[in-house]
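Colleague: I am attaching a structure below and will ask some questions about it afterwards.
Computed from the coordinates by the stated procedures, all read-outs in this text should not be read as laboratory data. On a predicted model such as this, the values are computed, not experimentally measured, just so you know. Please note: Cβ atoms are built from the backbone with ideal geometry, for glycine as well, and neighbour counts cover all protein chains shown.
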Amino acid sequence: MSAPDPTDRPALALTTDPRLDAAVQAGWAAWETAARAAGPARVAAWLAHRVGDPAFRREARPAAAAFLDAAGADERAEALLELAELAEAADDLVADTLWEGVLAAGRDSQDADTIVEATGRLAAIAEAHGDPLAAAEYLLDFLNWRRQAGNASDPEAVEIAFEEVVRLAEADGARREAALFAYRQAAFARLVEVDDERAVTGDWEEDAAPYASWA
């Protein structure tokens with residue numbers, strides 16, 4: 001999923017680290033590479049400039065160091081989540097990029113809670129920028145991940161994702177798709193009511209084809 005189009009928001013003055021500025025425009029993978037080259041002190045200083053508060057550097061540096069020094073997938077996901085939450089004080093482009101990192105780390109660690117949190121934040125940013133389709137696609141990606149063999153989550157996370165997809169489809173004028181996902185949501189809810197194992201793990205659909213958006 002691509003980051004929000006930077007042309008959709010006001011131009012920002014370059015900070016003290018143009019490489020990080022350029023990288024955040026290119027998405028998570030590019031920014032992670034630039035951040036590892038820069039180190040935690042420069043990353044924290046860069047975030048402080050994006051936030052517009054020099055004192056923010058002291059708060060951001062431990063989180064940046066924890067992310068860059070993380071040894072395992074779980075530790076990396078936890079550190080990135082903390083850094084992304086701090087980055088929400090900056091502009092949406094920074095927040096979007098770091099939540100993409102949290103999502104990637106959650107997938108690496110197979111941690112459903114991290115994936116759900118990142119998915120919700122990314123969908124909210126996309127919707128705030130007037131793109132309900134992009135917001136729904138994050139949620140559909142989560143539902144498709146959850147349907148894969150071996151993946152599990154709280155059934156409530158699935159039900160909420162369905163509700164949001166239906167709402168976003170209606171907001172985008174996709175009434176046919178809204179009705180389709182409402183039907184799928186109702187079918188899933190019946191599995192929850194009877195404590196079917198598929199409400200917790202694995203694919204609950206007879207058709208293994210992944211869910212598609214209305215694009």
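Colleague: Report the relative contact order of the chain, percent, no decimals, based on alpha-carbon pairs under 8 angstrom and at least 6 residues apart.
Modeller: Result for the chain is 14 percent.
Colleague: What percentages, rounded to whole numbers, describe P(r) for the range 17-109 computed over all alpha carbon pairs with 10 Å bin width beginning at zero?
Modeller: In order of increasing distance, the bins hold 19, 58, 22, 1 percent.
Colleague: Go ahead and estimate [θ] at 222 nm for the chain from helices alone: -39,500 (n - 2.57) per DSSP H run with n ≥ 4, summed, over the residue count, rounded to 500.
Modeller: -22500 deg cm²/dmol
Colleague: Quick check: residue separation of Leu180 and Asp207 times 0.36 nm, minus the Cα distance between them. What number comes out in nm?
Modeller: Values: separation 27, 0.36 × 27 = 9.72 nm, distance 1.40 nm.
Full-extension gain reported as 8.3 nm.
Colleague: On to the next question. Considering only DSSP states other than H, G, I, E and B, which GluC sites (Glu not before Pro) in the range 98-147 qualify as loop sites with at most 15 other Cβ atoms within 10 Å?
Modeller: none
Colleague: From the list [x] 18.9, 74; [y] 18.5, 57; [z] 20.4, 65, can you say which value of Rg and Dmax of the Cα atoms in Å was derived from the structure given?
Modeller: Of the listed options [x] 18.9, 74; [y] 18.5, 57; [z] 20.4, 65, [y] comes from this structure.
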